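Below is one structure, written out as structure tokens; comments come after it.
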Amino acid sequence: MATLGEAADEYKPSTKTMNIADLNKVSIDLQVEIDTFEFTKGDETKTVEQEVIVIDEVKYRVPVTVKQQLKVLMEDNPDLKFFKVKKSGTNKDDTRYQVIPLMN
């Protein structure tokens, strides 16, 4: 049996989508899936579609800018297998992503 503190420390919300920048290393061979979810803002319910990769049943959102940068890297380096993503900014308006190629 775990203590309450240990259980809280290990808790991971099942409905929150993580971001690809939360991963240390990403393979270009991972499958991209469409994830759909609804949220309510005031009296209005909206349906949102986003592209995600799934690793160990955890969804990681793949921003369009990451795909754009990865495409450029792959054009110049067709043998690229892994990359990582650095994220800067604090909200939707100022968040930026930088894709960094990794050696195999």
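The values are calculated or read from the model by the stated rules, or taken from the named source; none is laboratory data. The structure presented is a predicted model; accordingly, all values stated were derived computationally and were not measured. Cβ atoms come from the backbone with ideal geometry, glycine included; neighbour counts cover every protein chain shown.
Of everything listed in (1) out of contact with any strand residue (DSSP E or B) (no Cβ under 6 Å at 6 or more places or on another chain); (2) closer than 20 Å to Met18 by Cβ, the single unmet condition for Ile53 is (1).
Residues in segment 17-45 that are part of a loop (DSSP other than H, G, I, E, B) and touching a residue at least 60 places away in the same chain (Cβ under 8 Å) were compared, and the one that is surrounded by the fewest Cβ atoms within 10 Å (Cβ to Cβ) is Asn24.
Exactly one residue out of Val72, Val48 is assigned to a strand (DSSP E or B), out of contact with any helix residue (DSSP H, G or I) (no Cβ under 8 Å at 6 or more places or on another chain) and not aromatic (Phe, Trp, Tyr), and it is Val48.
Listed here are the residues, each with its yes/no results for (1) modelled with pLDDT of 95 or more; (2) closer than 26 Å to Phe37 by Cβ; (3) among the aliphatic types (A, V, I, L, M); (4) touching a His at 6+ places or on another chain (Cβ under 7 Å).
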site: Val62; (1), (2), (3), (4): yes, yes, yes, no
site: Gly89; (1), (2), (3), (4): no, yes, no, no
site: Tyr97; (1), (2), (3), (4): yes, yes, no, no
site: Ile100; (1), (2), (3), (4): yes, no, yes, no
site: Met103; (1), (2), (3), (4): no, no, yes, no
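Residues in segment 68-91 that are under 17 Å from Met18 (Cβ atoms), in contact (Cβ under 8 Å) with a residue 12 or more places away in the chain and not aromatic (Phe, Trp, Tyr) were compared, and the one that is surrounded by the most Cβ atoms within 10 Å (Cβ to Cβ) is Val85.
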